[in-house]
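The values are calculated or read from the model by the stated rules, or taken from the named source; none is laboratory data. Since we're looking at a predicted model, the values are computed, not measured. Side chains included, ligands, DNA and RNA excluded: accessible areas come from the protein's heavy atoms. Shrake-Rupley method; radii C 1.70, N 1.55, O 1.52, S 1.80 Å.
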Amino acid sequence: NNMELGSVTSAIREFLYDELCGVYLEACKLELQNHYGNEAVVIIKPSSSYLQTLSFCLDRTLKLMHPIAPFVTEELWQRLNSSSIRNDYQSIVQTSYPGHNDNVLKYRDESVESDMDTVLDVVQATRSLRERFREAVGKHASSLAVDIFVEPKGIESSGFGSVLSEKKQLLTKILRIETINIIAAESPKHGLVSSCCGGQIVIRLSLSPEDLDEQIFEKNLKSFNARYQKLHKQELRIKGLLVSEKFLENAGDEVIEKNKLKLSKLEGEVASIKTVIESLEILEKQFRT
């Protein structure tokens, strides 16, 4: 009702890219590989539940996106619906727009959703951690093992340990790493870490001094500190303006709003850079002591 197209687009993209493609599609590949082996080509029967679910989700997602991106969704829908899903419709415009459907909700399994929420939280935290490593060190962390620590006191009550053990193969597939260690122990005192699930799960990259290039490391640390100082200075200046009675009296509403938006963006950038600097300092302390 509020015509917030940006929010709609972000929500659809998050589902399509992060959940459907980033998780479910990878899970399908894993199940098919386990069933058929490492064959170059696998022919999926039309009755396959994997294909049916993917077709259903893509069909509904394209319909949701059609008012925002009409031409590309029409083209993709035409390609997707060369199958029986198309029925008698010749164009996506002729189909009904997706709405709330109680018939779909009867298939909902809250236990499975809870398990997958845990997996998604671990995936997001691990990807964030690896991105921090890439920014800090200047290279990807795909070759590094990942240690997942589950608080011992939370294993029985939360079931995190059993869920992660069961989904370990899926996690390695989604994250594209060879080694994941699930450890029932207290959170590590050292290393590059990130937490999720209320702090009951802690992810750590297994690093060694050989993983770091000292020259690149020092260069990046200096660069991030300089950028932090520059942006933090801008942040403080705008904060000062927005509490200045003289500025608020003389500036128009549009100027004030622009400064508020700029401040919000700066605060996000400053917080992000500060996190990277803290990661660099942790690494520096860890490998120089």
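Just read off the accessible area of Cys57 with the full protein assembly in place, 1.4 Å probe, to the nearest 10 Å².
Only protein atoms counted, so the area is about 30 Å².
Whenever you get a sec, line up Tyr228, Tyr107 from highest to lowest accessible area (probe 1.4 Å, protein heavy atoms).
Ranked from most to least accessible, the order is Tyr107, Tyr228.
Given Lys63/Lys106; Lys219/Lys265; Lys262/Lys285; Lys167/Lys274; Lys63/Lys167, which pairs have Cα atoms separated by over 28 Å?
Pairs exceeding 28 Å: Lys262/Lys285; Lys167/Lys274; Lys63/Lys167.
Largest first, how would Leu283, Leu105, Leu54 line up by accessible area (1.4 Å probe)?
Largest to smallest exposure gives the sequence Leu105, Leu54, Leu283.
What does the accessible area of His232 come to, in Å² to the nearest 10, when a probe of 1.4 Å is used?
60
Provide the per-residue ³J(HN,Hα) series for the stretch 72-79, in order, calculated from phi with Karplus coefficients 6.51, -1.76, 1.60 and θ = phi - 60°, each as a whole number of Hz, with x at glycine and proline positions.
Residue by residue, the stretch 72-79 yields 5, 5, 4, 4, 5, 5, 4, 6 Hz.
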